[in-house]
Amino acid sequence: MKDRAPYQAHFEMLELPLDANFDEVHKAWQVMKDIYSTDSLATMSIGEEVSEEDRRLLLAKIEEAYQALGDFFRDHQQLLDNGVHQLTEGITEYDGKALRTIRHLLHIPLDDVAMSTRVPRKHLENLEADNYAALPVAVYTRGFVINYAKHLALDADLVAKSYMEKYRKWQEEKGQ
Amino acid sequence: MVKGPERKSIIMAVGGGKGGVGKSFVMASLGMSLARQGRVVMIDGDLGGANLHNFLGISRPTSTLTDFFERKVPLADLVVDSGISNLGLLTGMVGTIGAETIKHAQKQKLFNQIRKLDADYILIDLGAGTHFNTIDTLLIADKMIIVITPEIVSIENMYNFLRNLYFRRLGGVLTDHGYRDLVVNTWHDRDALGISNFRELVDCLKAVSPEVRLIIEEELRDFAVNLVLNKARTNQDIVTGNSVKSICVKFFGVNALYSGYVEHDDLVSRSANHRTPYLSAYPNSRCSRGIERLTVNILSGQQVKVTR
Ligand SMILES: Nc1ncnc2c1ncn2[C@@H]1O[C@H](COP(=O)(O)OP(=O)(O)OP(=O)(O)O)[C@@H](O)[C@H]1O
Ligand SMILES: [Mg+2]
């Protein structure tokens, strides 16, 4: 996982927390541009406090933050793609254990997955532990698996198919 | 009603802004919402035009802050039952003594007794304007609330109020550290120093010495205001709150949180006229739900997300 601390000022410029994802960055950038490039109730009321020059400077900083964060997210994605490609070669079955192993090898903390996917940490733990009994009904569990897989840059459909096969098998056994 | 040592109350105060933006309504409703989770004491500190009781649906209490100032009755004894469970009210006065005449010592005594009130939440409603007594009262709060409406006059007033608030705090902090009058003097010499706005003043102060910079950065790190946009009618109005917040952060360097918006509803005035608290009469209206979200956000520090 790339360290985000050096990018703090850029996240702040877009008024985002350090754990924001790229969609949020993109949206915030559009909003900030809107606020400072057009006249609105909010900007018209400041009066002399802010000159045209101030605004231009600010818009430039907003643009810079967006560019830098764009690069950051692209690099991050590339790192994941390369790493994952090597790690997953030959793997055809994904259970919780396999997922955890891949995650560890990629040095991605579970909290990070929880934060970006907004899947509660407890569910992610159960997912990795193959603790099917504690997981929610299939539709939700499948959604969790897909989000998890996407965050690790895995082939989400493949992973979900494999994981849910095991989940269903367990369900059938339980039913009898 | 003396507070046990274990009880730590959260003080919230609303001040500034233009008259009539809805400070009293928002505070009364916030108080009612909080009274479901803990004991609340509301203080109507609008010494010129107390009217908080109208929004709580009761008539003007007979014991008021006048008794505290003139007859030295302990503050806690002046809290009356509001008829709403868990919510006590302490009322200001109309026309007796104006905020201007309160002496410094009286004010300190008032603040001390406010802090000692037996409550989980102490909510103070203040009048419009930038009188220093209003500002000083706001500064004792853990949560400083500023209400705006989507109108240019209200927003202009807010920026001006925020400047005053921050100035006063800055001045107070620097005086405490032995830099009496530094802020005032710097502002006085602003032409010579090339200071044309608020941000430049703060920058100039920080440049005085590394120590002053440290004081400002340390002491004002937690300085934050909670913005509430009231009387919203359109999505555009709601988004105005996001913009105002952004400006406070970027151009004033003040940590502003956009804590919530409250929609316009004609029934607000009507409820007050009929002495029925709006929040209990229309608990499911969009306006009431706005109040509930605002309550949660103020306590948790969360903010309104951009919705455009
Ligand atoms: N969300 C709302 N929708 C409709 N009317 C509102 C709303 N909030 C407040 N009002 C009305 O606006 C008027 C002013 O409200 P309020 O007295 O709370 O303002 P204020 O800021 O406390 O004023 P003052 O500065 O005089 O103390 C009242 O008539 C009130 O009923
Ligand atoms: Mg009022």
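The values are calculated or read from the model by the stated rules, or taken from the named source; none is laboratory data. Everything numeric in this text was worked out from a predicted model, so none of it was measured. Quick reminder, even Gly has a Cβ in these numbers, built from the backbone with ideal geometry, and neighbours come from all protein chains shown. These area figures cover heavy atoms from the full protein model, side chains too; ligands, DNA and RNA do not enter into them. Shrake-Rupley method; radii C 1.70, N 1.55, O 1.52, S 1.80 Å.
Give me the percent of accessible area attributable to carbon and sulfur for the protein assembly as shown, probe 1.4 angstrom.
About 50 percent, which is the carbon plus sulfur part of the accessible surface.
From the square roots a ≥ b ≥ c of the eigenvalues of the alpha-carbon gyration tensor of chain A, which class results: rounded (a/c under 1.5), prolate (a/b over b/c), or oblate? Because a/c hits 1.5 or more and a/b exceeds b/c, chain A counts as prolate.
Using only protein heavy atoms and a 1.4 angstrom probe, determine the accessible area buried between A and B, summed over both sides, in Å² to the nearest 100. Working shown, then result.
Values: alone 10830 and 14430 Å², together 23440 Å².
Summing both chains' loss of accessible area gives about 1800 Å².
Using all alpha carbons of the range A:22-71, what is the percent of pairwise distances in each 10 Å bin, ordered from the shortest bin to the longest? Bins of 10 Å from zero give 24, 50, 22, 4 percent of pairs. Accessible surface area normalised per residue over the protein assembly as shown is 48 Å², counting heavy atoms of protein chains with a 1.4 Å rolling probe. Quick one: grab the alpha carbon gyration tensor of chain B, order the square roots of its eigenvalues as a ≥ b ≥ c, and give me rounded if a/c is under 1.5, else prolate or oblate depending on whether a/b is larger than b/c. It comes out oblate by the Cα gyration axes. To the nearest 0.05, what FRET efficiency results for A:Ser37 and B:Asp203 with a Förster distance of 22 Å applied to their C-beta separation? About 0.35, to the nearest 0.05. Among the trypsin sites (Lys or Arg not before Pro) in the range B:220-302, those placed in a DSSP loop whose Cβ has at most 16 other Cβ atoms within 10 Å are B:Arg221, B:Arg233, B:Arg275.
Go through the range B:180-204 and flag every residue whose accessible area shrinks by 20 Å² or more with all protein chains in place compared to the isolated chain (probe 1.4 Å). The answer is B:Asn197, B:Arg199 - residues whose exposure falls by at least 20 Å² when every protein chain is included. Its relative contact order, with pairs defined as Cα atoms under 8 Å and 6+ residues apart, puts the range B:131-278 at 24 percent. Is the range B:138-265 best put as rounded, prolate or oblate by its Cα gyration tensor, with a ≥ b ≥ c the root eigenvalues, rounded for a/c under 1.5, and otherwise prolate when a/b is larger than b/c, oblate when not? Prolate is the answer for the range B:138-265, as a/c is 1.5 or above and a/b outweighs b/c. Each part reduced to its alpha carbon centroid, the range A:69-139 and the range B:19-42 end up 45 Å apart. Viscosity 0.890 mPa s, temperature 25 °C: what is the translational diffusion coefficient of the protein assembly as shown from Stokes-Einstein with a Kirkwood Rh over Cα pairs, rounded to a whole number of µm²/s? The Stokes-Einstein estimate is 95 µm²/s.
Each stretch of four or more DSSP H residues adds -39500 (n - 2.57); spread over every residue of chain B, this sum gives -13500 deg cm²/dmol at 222 nm.
Over 18 Å between C-alpha atoms is what I'm after, so list which of A:Lys27/B:Lys305; B:Lys143/B:Lys231; A:Lys97/A:Lys122; A:Lys61/B:Lys305; A:Lys33/A:Lys61; B:Lys8/B:Lys116 land there. Before the final figure, lay out the partial values.
On the way: A:Lys27/B:Lys305 11 Å; B:Lys143/B:Lys231 21 Å; A:Lys97/A:Lys122 16 Å; A:Lys61/B:Lys305 22 Å; A:Lys33/A:Lys61 10 Å; B:Lys8/B:Lys116 9 Å.
Beyond 18 Å: B:Lys143/B:Lys231; A:Lys61/B:Lys305.
Measuring gaps between exposed loop sites in chain A (GluC sites (Glu not before Pro); DSSP loop; at most 14 other Cβ atoms within 10 Å), the longest gap, sites not included, is A:1-88. With 40 Å² as the minimum drop in accessible area between chain alone and full protein complex (1.4 Å probe), the qualifying residues in the range B:250-268 are B:Lys250, B:Phe251. Within the range A:90-175, the percentage of alpha carbon pairs spaced more than 14 angstrom apart rounds to 59%.
In whole Å, how far is the Cα centre of the range A:1-52 from that of the range B:204-240? That distance is 15 Å. Summarising the label geometry, the points placed 7 Å from Cα in the beta-carbon direction at B:Arg270 and A:His104 lie 6.6 nm from one another. The angle between the Cα long axis of helix B:286-300 and the main principal axis of chain B comes to about 50°, on a 0 to 90 degree scale.
For trypsin sites (Lys or Arg not before Pro), the sites in the range A:107-176 that DSSP calls loop and that have at most 10 other Cβ atoms within 10 Å are A:Arg118.
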